[in-house]
1. Just need a number here: residues in segment 31-60 that are within 19 Å of D116 (Cβ to Cβ), of a type outside the set (V, I, T) and assigned to a strand (DSSP E or B).
2. Which of the residues that make up segment 109-130 are assigned to a strand (DSSP E or B) and surrounded by fewer than 17 Cβ atoms within 10 Å (Cβ to Cβ)?
3. In segment 89-125, what residues are touching a His at 6+ places or on another chain (Cβ under 8 Å) and either over 17 Å from I63 (Cα atoms) or modelled with pLDDT of 95 or more (or both)?
4. On the given criteria, is F14 part of a strand (DSSP E or B) and either surrounded by fewer than 14 Cβ atoms within 10 Å (Cβ to Cβ) or modelled with pLDDT of 95 or more (or both)?
5. List pairs: first in segment 56-83 and touching a residue at least 40 places away in the same chain (Cβ under 8 Å), second surrounded by 11 or more Cβ atoms within 10 Å (Cβ to Cβ) and outside any strand (DSSP E or B), Cβ under 6 Å, 6+ apart or cross-chain?
Amino acid sequence: MKLKWLLSILFVAFLLAITPQKAEACEIEFEILKGKKEIYNPGDKLIVKVHVALTHRSCPVAIKKTQFKLNGIKVIGATKWKQLSSMDFERKLKIVITEKTKNEAIINAIRECDKDGGFGSLKLDINTTK
């Protein structure tokens, strides 16, 4: 009976060991620290915190390689990346809303690597009435 029990445990452990593990992308989150509103106007300034949590122990891509794609937003100031722990980083961005032609402004953060990379987005509603 003990042998059956031991073999069952070894079999389950073997199955868990050979099952492919899902690779997860870096987690990227935005938080508005100052200037938060429901609807923004061109010229509005905000302070936004970007938090990146690496999900792989040894990421081959430096945190400085994180790219920002902007639509209707301009970055007018930024802090350097601050390392909170071995896997967590953050920085603050001072942004200004630049356009009134679209109903939303977007800032995307992108990390590209062979281990899945990462993506985060902040969308802000824009007042398009004149």
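The values are calculated or read from the model by the stated rules, or taken from the named source; none is laboratory data. It should be emphasised that the depicted structure is a prediction, and the values quoted were computed from it without experimental measurement. Cβ sites come from the backbone with ideal geometry, for glycine too, and all protein chains shown count toward neighbours.
1. Total satisfying the criteria: 2.
2. Answer for segment 109-130, where residues must be assigned to a strand (DSSP E or B) and surrounded by fewer than 17 Cβ atoms within 10 Å (Cβ to Cβ): I110, F119, S121, K123, D125.
3. Once the filter is applied, which keeps residues that are touching a His at 6+ places or on another chain (Cβ under 8 Å) and either over 17 Å from I63 (Cα atoms) or modelled with pLDDT of 95 or more (or both), segment 89-125 yields F89, E90.
4. So F14 does not fit the description; no.
5. H56/K115; P60/C113; V61/C113; G72/T98; G72/E99; G72/K102
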